[in-house]
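Following: one structure in structure tokens, then a few remarks.
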Amino acid sequence: MTSELLRPPAERAPAPLTPPMPPASLGLTWRPLTPADVAELAALCCAVEAADAAPFRTTLEETAERFEGTWKRHELDTLAGVDATGRMVAFGQVTTNPGDEGTVRVFLEGGVHPDARGRGVGRALVAWMDGRGRQLLAESGKELPARLLTYLEAVHDGARALYAESGFTPMRYYTEMRRPLDVELPAVRAVDGFSLVPWTPELDDAVRRAHNEAFADHWGSEPMTAETWALRTGSYVRDWSRVAVEDATGEVAGYLLSTRYEQDWPVLGHSFGYTSMLGVRRPWRGRGLAVALLAWAMAAYRADGMEFARLGVDTANPSGAHGLYAALGYEVDDGSVMYSIEI
């Protein structure tokens, strides 16, 4: 089995010469996405999310980020379905992470406007994304395990059934948790030998390297390059983020980075600060740094008038994070599932 996994993906699972295009019988015209589509694509994403009762909404800024990244080839890796009136009613996109070292991955994401559902558009999009994704795996040339994957909300039975019919299986489960801030918060206690300092540009790359190290033992996590890190952290709130630094050495021992998703507040019915990244490097685990960082963040969120603190966690997280969050008053709110094809 090991020797099989180490053969290039192109040998283990040959890719199609051309991804299967959706059939003409669907009545749509298909073309790649371009940055000029940002506004219409954002509106389509929000229509899909509203129809599916998703606990979030996509912004213009988040949509524009789809087109950022020097490694992306939008003319090959995206597809938009346009109806006879010129309205975009479906889209698909496949992306990779250039930093993958343990498993080479292709991420699939797509959506179909509720008005265009029920006639096979979603199935055709998944088939196209599967085909293009296999091409990207083959093009990587990496002699690594490979994975096609997508993240779906746990409540989206239709999407989950669609991917299951297309050969994807549920591989990992993630939980969203929330903690009210109008009740007593844990005290922000100092950890002897460490300081919680602002996340500054001068510390940023050290935090990136600390993140790669802290998550090296987490299933499915792969290193982030300087470029992918910058794209992901560009929307984080510095006033809600902190870095744990060892006083004696100046080394980054842990970090907490937060996001402000104001567009989601009306959807969920409350304001919140979101802990997007939290990690402690292995040599400094067990000293209370994660608790100190979370306590600090909760206090910062409340000081800015937030009603809840929120975060997401892999239910099989090896660090025991789920139990830690529960002990600090976080409760399960909703969740998502990763569906994949392992190659």
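No lab work stands behind these numbers, since they all come straight from the coordinates. What you see is a predicted model; the values in this text were computed from it and never measured. Ideal geometry is used to build each Cβ from the backbone, glycine not excepted, and the neighbour counts take in all protein chains shown.
Please return the longest stretch of the chain lacking exposed loop sites, where GluC sites (Glu not before Pro) count only if DSSP places them in a loop and at most 15 other Cβ atoms lie within 10 Å.
Values: sites that count: 68, 101, 143, 184, 251.
Maximal segment without exposed cleavage sites: 252-343.
Label sites at residue 270 and residue 248, each approximated as a point 7 angstrom past Cα along Cα to Cβ, lie 4.1 nm apart.
With Cα atoms defining each centre, the stretch 93-121 and the stretch 222-292 are spaced 26 Å apart in the structure. Fully extending the segment from residue 17 to residue 43 would add 6.1 nm, taking 0.36 nm per residue of separation and subtracting the current Cα-Cα distance.
Under 5 Å between amide hydrogens, built in the peptide plane, is the criterion, and for residue 90 it picks out 81, 113 among residues at least 5 positions away or on other chains. The mean sequence distance of close C-alpha pairs (under 8 Å, at least 6 residues apart), as a share of the length of the chain, puts its relative contact order at 22 percent. At q = 0.14, 0.15 Å⁻¹ the log10 of I(q)/I(0) for the chain amounts to -1.24, -1.38, computed by Debye summation with a single uniform scatterer per C-alpha, solvent ignored.
Couplings 3J(HN,Hα) of the stretch 170-181, computed from phi: x, 10, 8, 10, 10, 10, 9, 10, 9, 9, x, 10 Hz, in residue order, whole Hz [Karplus 6.51 cos²θ - 1.76 cosθ + 1.60, θ = phi - 60°; x for Gly and Pro].
Angle check, please: helix 38-51 long axis (alpha carbons) against the longest principal axis of the chain (alpha carbons), in degrees 0 to 90, nearest 10. So the inclination is approximately 80 degrees.
Mind sorting 106, 183, 188 by how few other Cβ atoms lie within 10 Å of their own Cβ, fewest first?
Details: 106 28, 183 7, 188 16.
Result, fewest neighbours first: 183, 188, 106.
Taking 0.36 nm per intervening residue step and subtracting the Cα-Cα distance, what contour gain separates residue 195 from residue 64 on full extension?
On the way: separation 131, 0.36 × 131 = 47.16 nm, distance 3.61 nm.
Going from the current span to full extension adds 43.5 nm.
Relative to the longest principal axis of the Cα atoms of the chain, the long axis of helix 289-303 lies at roughly 80 degrees. Helix 121-140 and the longest principal axis of the Cα set of the chain meet at an angle near 70°.
Here the Karplus relation 6.51 cos²θ - 1.76 cosθ + 1.60, evaluated at θ = phi - 60°, turns the backbone of the stretch 207-223 into coupling constants of 5, 4, 5, 5, 4, 4, 6, 4, 9, 4, 9, 9, 4, x, 7, 10, x Hz, with x for every Gly and Pro. Quick check: net charge around residue 162, other residues with Cβ under 11 Å of its Cβ, Lys/Arg +1 and Asp/Glu -1? Computed value for this residue: +1. Classification of the stretch 59-184 by its C-alpha gyration tensor yields a rounded form. The axis ratio a/c (a ≥ b ≥ c) stays under 1.5.
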